[in-house]
Amino acid sequence: TELKNIRNFSIVAHIDHGKSTLADRLIQMTGTVAERDMKQQLLDAMDIERERGITIKANSVRIEYPAKDGQTYILNLIDTPGHVDFAYEVSRSMQAVEGSLLVVDASQGVEAQTLANVYQAIEADHEIVPVLNKIDLPAAEPDRVRENIEDVIGIDATDAVEISAKTGLGIPDVLEAIVTRLPAPEGDRDAPLKAMLVDSWYDPYLGVVVMIRVIDGVIKKGDQIKMMQTGASYRLDKLAVLKPQMIDIPELGPGEIGVFTASIKQVRDTKVGDTITHDKKPCDKPLPGFKPSVPVVFCGLFPVDANDFESLRDAIEKLQLNDASFSSEMETSAALGFGFRCGFLGLLHLEVIRDRLEREYDLDLITTAPSVVYHVHMKDGTQQDLHNPADMPDLTYVDHVEEPRIKATIMVPDEYLGDVLKLCQDRRGIQLDLTYAGTRAMVVYDLPLNEVVFDFYDRLKSVTKGYASFDYQFTEYRQDNLVKMQVLVNEEPVDALSMMVHRDRAEQRGRAMCEKLKELIPRHMFKIPIQAAIGGKVIARETLSAMRKDVTAKCYGGDATRKKKLLEKQKAGKKKMRQFGKVEIPQSAFISALKMD
Ligand code: GDP
Ligand code: MG
C-alpha cells in the first residue's frame, strides 16, 4: 500500500466515554467484520477486561475504507490500554501511530484520564481530532464540552465531530476526518528494515505473537530478523494483519502495522519498544527511548491452604506466559509459609492478576500489604532495592531511605474538593496546583506512591461518590524519614503485616492497626497482646481479652443437631484461618487490617 493511502491512529478517552463502542462501530460500518460475527467490544478480548470495562493489552485492527475522494484507505487502529498502570505501553503504542481521536463524553466533559492520555498523544506529536460522543443523551452539552476541551487541554475543538457511538450517528464523519485530518505515515521502502515492537501476547496455538509497526524497509515471511535491544534472532514463520482475526499477508512495508510469529517461546523474550531489523542487513540505530517496563508494586501471595502451593506456582507460570511485566519469586514467610513475592506495574494490575488466580484457578489467597520499591542507602555507601518491608535491614546500618513519588491529577466537582484535599493531605501530599474549569476543580498533588497503592482509589471514590477521576505519573525517588513497623500478635512478629511508614505517622498507624486487629482476631481461651513496634520499641498496644464461654453455650442444652451444625460451621471457618504460634488469624484480617480509614 502506498503511504499516502495509510492512516494510523489510536483512540484516547477516559474510561466509559465510549472508546470501545466507537471502535466497534468503525469496524462494523466499514464491513471489516461480517455482521453475523459482530459482537460487542471486539477489541477487548479478555473476559476480565470486559467485566471491568477496561482494555489491558493494546490490540489493533486494520480497516479498509473507501473514502469520498474515490480512493481506498487502510486505517490501522491501535487500541491502547487506558489505565495509568500501563503508561509505558500506552506511550509506545502512541509512537506507532500518527494521530489520535480524542473521545470525550458530551454529557461529562474532560476527565483525569482524558488529560493523561491526550498529553501522551501530544507528546508523540499526534494530530488530534476531538470527537464528542453520546450526543444522543438528553444530558449532552456539546457546546459546553467543546469549550471545556479548549480550556482544559488547550486544543482547538471548533471542528470536533459530534457522534453517538451507540446509535451510529456521525460515524461516517469520523471516518472522513481520519482520512482528511490525520497525516499519512512517512518512511523509506528502500532503507534497511526498522520496525517497532508494539506489543506481544501468547496464543495457545501459535505461541508468542508479536505486533509491529514498520518504520522503514520491508518485512517478509521467512525473513531472519533481529531484536536490537535483546540481541535475539528469529526466523519469521507467519506474517499477518489483524482484521481483527489474523489474515496472512506476504509483506509489510513502511507505515504498516501487523503481527508475526517466529517460534518465540515466552512473551518475556519480547520487549515492548524494541527495534526489529534484518539480521543480515541491519539498520544503523535502534529507535530512541527504549526502556523495559519494570514492576513498581510488590506484594506477597500465599495460598490459604498450604497444600495449594504447587497449584499456585503452576497458575502463576501460566499467567506469566502472557504477561511479561508480572514478576514472581518464591518467598517463605515465618507466618504464612511458602508463597511468592510478586511484582506488578501498578495496583490495578495487581488486582487483575489476583482476581484471575482466584477465579480462573480456584485458589484462596492471602495477599500481603502492597509495597513500592524503596531505595535503602546503607552507611557503608551501598544501595539496596527493598521489595519487601520484611527484609528491611537493621536501622543501625541504614543511612537513609528513598521512596518513589508521583504527580497525581484529580478532577472533581467542587462540592467534594474539600474532602479530596483532606485525603491527599492525610497521605502526605504536597499540593502543586489547583485550577477550575466550570464547576470542576483540577488539583495536582505530589504524593508518595506508597500512600496511593493500597486503597487510595477506593477512598477517593467513596469521598466523592464516584465523581472524581484520577491519574498519576511517577516523578522521582526522594528521601524521607521512613521506618519499618512490625506487628506482633501474642509476642510473635507477623511478617506479612510489616510495613514501611513515615516516622511521624507511625504511632497513629500503629494504633489504628492494633485496634483493627483487636476487632478482627477472634477471641481465644487466653489473653492476646497485639503490638506495633519500630526496631524493638513498642509504639502501640491493644489486648484482646480471653474468651469467657464456649460458643455452643448459647444453644441452651438440648438441641444436639444445632450444636453439631455450629461446630461444623466453626470448622469450615477455620479453613480460612492461619495459625500464628498459638493464635489463629482469619484471612480477611490481613486485607482489612491494612486498609486505613
Ligand atoms: P470505554 O471504557 O471508553 O471503552 O467505553 P465503552 O465503549 O465501554 O462505553 C461505556 C458505556 O457507555 C457503555 O455502556 C456504552 O454502551 C455506553 N456508550 C458508548 N457510547 C455511547 C453513546 O454514544 N451513547 C450512549 N447513550 N451510550 C454510549
Ligand atoms: Mg473499553
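The values are calculated or read from the model by the stated rules, or taken from the named source; none is laboratory data. Everything numeric here is computed off the predicted structure, so don't read it as measured data. Note: ideal-geometry Cβ built from the backbone for every residue, glycine included; neighbour counts use all protein chains shown. Just the protein is used for accessible areas: all its heavy atoms, side chains included, with ligands, DNA and RNA removed. Shrake-Rupley method; radii C 1.70, N 1.55, O 1.52, S 1.80 Å.
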Problem - Single match in GLN245, GLN224 (criterion: over 27 Å from the mean Cα position of the chain (by Cα) and open to solvent by 60 Å² or more (accessible area, probe 1.4 Å)) - result: GLN224
Handout entry: All strands (runs of 3 or more DSSP E) inside the stretch 392-509 with 3 or more residues being more than 23 Å from THR367 (Cβ to Cβ) and touching a strand residue (DSSP E or B) at 6+ places or on another chain (Cβ under 6 Å)
Key = 398-413, 430-437, 440-448, 469-480
Practice task
Considering every residue within the stretch 320-340, establish whether at least one is assigned to a helix (DSSP H, G or I), touching a helix residue (DSSP H, G or I) at 6+ places or on another chain (Cβ under 9 Å) and among the aliphatic types (A, V, I, L, M).
Solution key: yes
Practice task
Select from the stretch 68-102 the residues that are β-branched (Val, Ile, Thr), at pLDDT 80 or above and within 16 Å of ligand 1 (Cβ to nearest atom) and list them in ascending order.
Solution key: ILE78
Exercise for the section: Answer yes or no: is there a residue in the stretch 255-267 that is open to solvent by 30 Å² or more (accessible area, probe 1.4 Å), in a loop (DSSP other than H, G, I, E, B), in contact with a Lys or Arg (Cβ under 7 Å, 6 or more places away or on another chain) and over 20 Å from ASP79 (Cα atoms). Expected result: no
Practice task
Go through the stretch 297-319 and give me each residue that's modelled with pLDDT of 85 or more and outside any helix (DSSP H, G or I).
Solution key: VAL297, PHE298, CYS299, GLY300, LEU301, PHE302, PRO303
Practice task
Evaluate the stretch 318-328: report whether one residue or more is of a type outside the set (A, V, I, L, M) and open to solvent by 50 Å² or more (accessible area, probe 1.4 Å).
Solution key: yes
Problem - Hits in the stretch 108-135 (condition: of a type in the set (S, T, N, Q) and open to solvent by less than 30 Å² (accessible area, probe 1.4 Å)) - result: GLN113, THR114, ASN117, ASN133
Handout entry: Residue list for the stretch 3-26, restricted to those being of a type in the set (D, E, K, R), surrounded by fewer than 24 Cβ atoms within 10 Å (Cβ to Cβ) and either in a loop (DSSP other than H, G, I, E, B) or within 8 Å of ligand 1 (Cβ to nearest atom) (or both)
Key = ASP16, ASP24
Practice task
Look at ARG313 and say whether it is in contact (Cβ under 8 Å) with a residue 24 or more places away in the chain and open to solvent by 60 Å² or more (accessible area, probe 1.4 Å).
Solution key: yes
Problem - Among (1) in contact with a helix residue (DSSP H, G or I) (Cβ under 8 Å, 6 or more places away or on another chain); (2) under 20 Å from ILE63 (Cβ atoms) - the single one THR230 does not satisfy - result: (2)
Exercise for the section: Return the total of residues in the stretch 438-459 being at pLDDT below 90 and crowded, with 17+ Cβ neighbours inside 10 Å. Expected result: 9
